[in-house]
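> Sharing a structure below in structure tokens format, with a few things to ask.
The values are calculated or read from the model by the stated rules, or taken from the named source; none is laboratory data. Predicted model, so just to flag it, every value in this text is computed and none were measured. Positions of Cβ are generated from backbone atoms using ideal geometry, with glycine treated the same way; all protein chains shown enter the neighbour counts. To get the accessible areas, we keep the full protein, side chains included, count just its heavy atoms, and leave off ligands, DNA and RNA. Shrake-Rupley method; radii C 1.70, N 1.55, O 1.52, S 1.80 Å.
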Amino acid sequence: MTESTNELPAASEPKPKILLLDDDPDVLALYQQMMLQLPSQPEVHIATSGPIAITMLEAESFNVLVSDLQMPKMDGLQVITIVRRKHPRLRTVILSGLTDEQMRARAYSMGIDLYMEKPGNGKELNFLMDCVESLLDSEKRGGFRGIQSKSLVDLIQLECLSGTSTVLKITNGKAEGKIWVENGEVIDASADDSEGEEAFKRILSWKAGSFETLPMEAGHPRKITASYHGLLLDSAQTMDEAKADSSAIDGINLSEDLNAASNTTVSDTQFFRKAGLGRIQGVEFALKIPQERSIPLQKWGLENAGPMAAWVQDTLSQFQSLGDKCEFGSIQGFEGRGVQRVLHVSMEGANTFAVGMLGTVSREQVEQNVKKVLERWAS
Amino acid sequence: MGLLKNLFKPAARGPAPLPSGSFTVDRSGEIITCTIPSSFSRDGLKDISKLVLRVFKDAKEAGLVLTELAVNFGAMKLKAREMRGGAMIFLTPAAARKNK
């Protein structure tokens, strides 16, 4: 059973194609009518059983398959198993009347793009349509799939680095959380009765679960202002501290550690977390390079600071030589700007400070951020 | 003779004026276009261009992909923009910056 009912005029580009699979003809008709109204003007085909759907997929290519879970003879997961193997590029959505989390996790582990409960009202139906439209759009943009084995931290970093706007919905047993990412910045999170940074940390503490990406909600209020880099570091540190012996943390004297870097007994990350550098919007890392090479450098937000510090020192030294030769005066600092990152280097006394920021940070903001970092460092 | 020497002794040389303008270089550091006065030596420009290109390259190797670089000296601001392996470099004396 197949039907193509798009009445909109043909565009120059081939129209995206959706295959709807459900054993209930009424449901099929409803979804078909709704999906024909989507902005991408798709062709919407319908199939009433798994074998019919698979035959149709063999005969012609589709962009998105929306399948019911419970069907006679061949259920939705069986269809997905075959589809994922034969048509790995096909985007797949499972609609289910069940609220079984185990089933949801199982479906996601098979590589589906979206698992949703069947819409119960108009709002949910609209949400489903938005999701399908988003899948059609992402199919148009291309990209790789299959990130089921990545951790939540990886996922958040991927979303932030790619500068996308999306909502990550994370399910951990009965608990459910959402993280709003707007233009590569984490702007809000919610989990149970908490929101903002507290919710973000709670979600990151979950050991396992499933996730799905939902379209960004326009105009969602921003409740998190810290950079995602700082948030992830803060969360990781909080988790580490929870595991560690509390007495080891109680004995830290931060001011002494700052003044005696060479004799420090506390990790740099721990120190800077207390200093709150991660809460300065857009700041990704900070580095304090003493002029005396025997004194260890202090770092925050950088795993391997050695190459960066060496490059900063060499660059300063070379420009200083140039300045001497060309009579430009002594070097005061420099700023490097790339698409993803801004690095500001300044010299204060016997130390060089390098502050890394997101590439989206404005020039004015760079100055303010550097000032804040230096103030917090000095205090 | 002693009197003439005193009359025609060469004027004391002041510091060379700081260069102001811009120039573009290719990926090998060769100057393609230049608006810097010829009073500033070409060797000096080549030194600048080679260093700028090396800094862009070394930054990449240190995991930092840069497209722009601004260096502040006491008397000069140097700005460089990476252009397909080459660079466009602007030199602005500090006095000129203050006057703007």
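> Given (1) under 27 Å from A:Ala175 (Cβ atoms); (2) of a type in the set (A, V, I, L, M); (3) at pLDDT 85 or above, identify the lone condition not met by A:Leu77.
(3)
> Report, by residue number, each residue of region A:352-379 that is in a loop (DSSP other than H, G, I, E, B) and more than 28 Å from A:Glu292 (Cα to Cα). Quick ask: steps written out before the conclusion?
Of the residues in region A:352-379, the ones in a loop (DSSP other than H, G, I, E, B) are A:359-362, A:379.
Of everything in region A:352-379, those that are in a loop (DSSP other than H, G, I, E, B) and more than 28 Å from A:Glu292 (Cα to Cα) turn out to be A:Gly359, A:Thr360, A:Val361, A:Ser362.
> I would also like to ask the following. For region A:342-357, does any single residue satisfy the condition of being loosely packed, with under 14 Cβ neighbours inside 10 Å and at the interface with chain B (Cβ under 10 Å from one of its Cβ atoms)? Walk me through how you get there before you give the answer.
Start the filter on region A:342-357 by keeping residues that are loosely packed, with under 14 Cβ neighbours inside 10 Å, which leaves A:348-350.
From what's left, at the interface with chain B (Cβ under 10 Å from one of its Cβ atoms): none.
Among the residues of region A:342-357, not one is loosely packed, with under 14 Cβ neighbours inside 10 Å and at the interface with chain B (Cβ under 10 Å from one of its Cβ atoms), which makes the answer no.
> Just for region B:31-54: of the residues that are more than 9 Å from every other protein chain (Cβ to nearest Cβ) and of a type in the set (A, V, I, L, M), which one is nearest to the chain's Cα centre (by Cα)?
It comes out as B:Leu45.
> Counting only residues that are in a loop (DSSP other than H, G, I, E, B) and out of contact with any helix residue (DSSP H, G or I) (no Cβ under 9 Å at 6 or more places or on another chain), which one in region A:73-99 is farthest from A:Leu30 (Cα to Cα)? Full working, then the answer.
First pass over region A:73-99, keeping only residues in a loop (DSSP other than H, G, I, E, B): A:73-75, A:87-90, A:97-99.
Right, trim to out of contact with any helix residue (DSSP H, G or I) (no Cβ under 9 Å at 6 or more places or on another chain) and you get A:88, A:97, A:99.
Values: A:Pro88: 27, A:Gly97: 16, A:Thr99: 22 Å.
In this case the residue turns out to be A:Pro88.
> Right, here's the next one. Select, from B:Lys79, B:Lys60, B:Lys46, the only residue that is closer than 19 Å to A:Val312 by Cβ and modelled with pLDDT of 90 or more.
Values: B:Lys60 fails: modelled with pLDDT of 90 or more; B:Lys46 fails: closer than 19 Å to A:Val312 by Cβ.
Answer to the check: B:Lys79.
> From the list A:Ala59, A:Ala105, A:Ala10, which one is open to solvent by 60 Å² or more (accessible area, probe 1.4 Å) and at pLDDT below 80?
Exactly one of A:Ala59, A:Ala105, A:Ala10 is open to solvent by 60 Å² or more (accessible area, probe 1.4 Å) and at pLDDT below 80, namely A:Ala10.
> Would you check if there is a residue in region B:2-12 being of a type in the set (Lys, Arg), assigned to a helix (DSSP H, G or I) and either at pLDDT below 90 or open to solvent by less than 50 Å² (accessible area, probe 1.4 Å) (or both)?
Filtering region B:2-12 for residues of a type in the set (Lys, Arg) gives B:5, B:9.
Still in the running and assigned to a helix (DSSP H, G or I): B:5.
Applying the additional criterion that residues be either at pLDDT below 90 or open to solvent by less than 50 Å² (accessible area, probe 1.4 Å) (or both) yields B:5.
Yes, that holds for at least one residue.
> Here is a follow-up. Please specify each residue of region A:316-358 satisfying the condition of being touching a Leu at 6+ places or on another chain (Cβ under 8 Å) and touching a residue at least 40 places away in the same chain (Cβ under 8 Å).
A:Gln340, A:Arg341, A:Thr352, A:Phe353, A:Ala354, A:Val355, A:Gly356, A:Met357
> Another one. Could you list, ordered by first residue, the pairs with Cβ atoms under 7 Å in which the first is in region A:19-37 and surrounded by 15 or more Cβ atoms within 10 Å (Cβ to Cβ) and the second is modelled with pLDDT under 85 and assigned to a loop (DSSP other than H, G, I, E, B), at least 6 apart or interchain?
Once the first residue is surrounded by 15 or more Cβ atoms within 10 Å (Cβ to Cβ) and sits in region A:19-37, its partners that are modelled with pLDDT under 85 and assigned to a loop (DSSP other than H, G, I, E, B) give A:Asp23/A:Pro72; A:Gln32/A:Thr5; A:Leu36/A:Thr5; A:Leu36/A:Asn6.
> Mind telling me which of the residues A:Asn183, A:Asn126 ends up being within 30 Å of A:Leu30 (Cβ to Cβ), open to solvent by 60 Å² or more (accessible area, probe 1.4 Å) and modelled with pLDDT of 80 or more?
The unique qualifying residue is A:Asn126.
> Kindly indicate whether any position in region A:25-35 is in a loop (DSSP other than H, G, I, E, B) and of a type outside the set (A, V, I, L, M, F, W, C). Give the steps one after another, and end with the answer.
Kept after step one, since they are in a loop (DSSP other than H, G, I, E, B), are these residues of region A:25-35: none.
Looking through region A:25-35, none of the residues is in a loop (DSSP other than H, G, I, E, B) and of a type outside the set (A, V, I, L, M, F, W, C).
> What pairs come out if I take residues in region A:90-114 that are more than 19 Å from A:Ile18 (Cβ to Cβ) and of a type in the set (Phe, Trp, Tyr) and pair them with residues that are at pLDDT below 70 and surrounded by fewer than 16 Cβ atoms within 10 Å (Cβ to Cβ) whose C-beta lies under 8 Å away, six or more apart or interchain?
Matching pairs, first to second residue: A:Tyr108/A:Gln148.
> Step by step: first the residues of region B:55-78, then only those that are farther than 12 Å from A:Gly333 by Cα and in contact (Cβ under 8 Å) with a residue 12 or more places away in the chain, then the one that is farthest from the other protein chains (Cβ to nearest Cβ). Which residue is that?
Residues of region B:55-78 that are farther than 12 Å from A:Gly333 by Cα, as a first pass: B:55-68, B:75.
Restricting the remaining residues to those that are in contact (Cβ under 8 Å) with a residue 12 or more places away in the chain gives B:55-56, B:66-68, B:75.
Numbers: B:Val55: 5, B:Phe56: 9, B:Leu66: 4, B:Thr67: 5, B:Glu68: 4, B:Ala75: 4 Å.
The selected residue is B:Phe56.
> Would region B:37-47 turn up any residue that is of a type in the set (S, T, N, Q) and surrounded by 14 or more Cβ atoms within 10 Å (Cβ to Cβ)? Steps first, answer last, please.
Pass one, region B:37-47, residues of a type in the set (S, T, N, Q): B:38-39, B:41.
Subsequent filtering for residues that are surrounded by 14 or more Cβ atoms within 10 Å (Cβ to Cβ) retains none.
Checked against the condition, which is being of a type in the set (S, T, N, Q) and surrounded by 14 or more Cβ atoms within 10 Å (Cβ to Cβ), region B:37-47 yields no hits at all.
> Kindly indicate the residue of region A:309-337 that is open to solvent by 10 Å² or more (accessible area, probe 1.4 Å) and within 31 Å of the chain's Cα centre (by Cα) and also farthest from the other protein chains (Cβ to nearest Cβ) among those meeting that condition.
My answer is A:Ala310.
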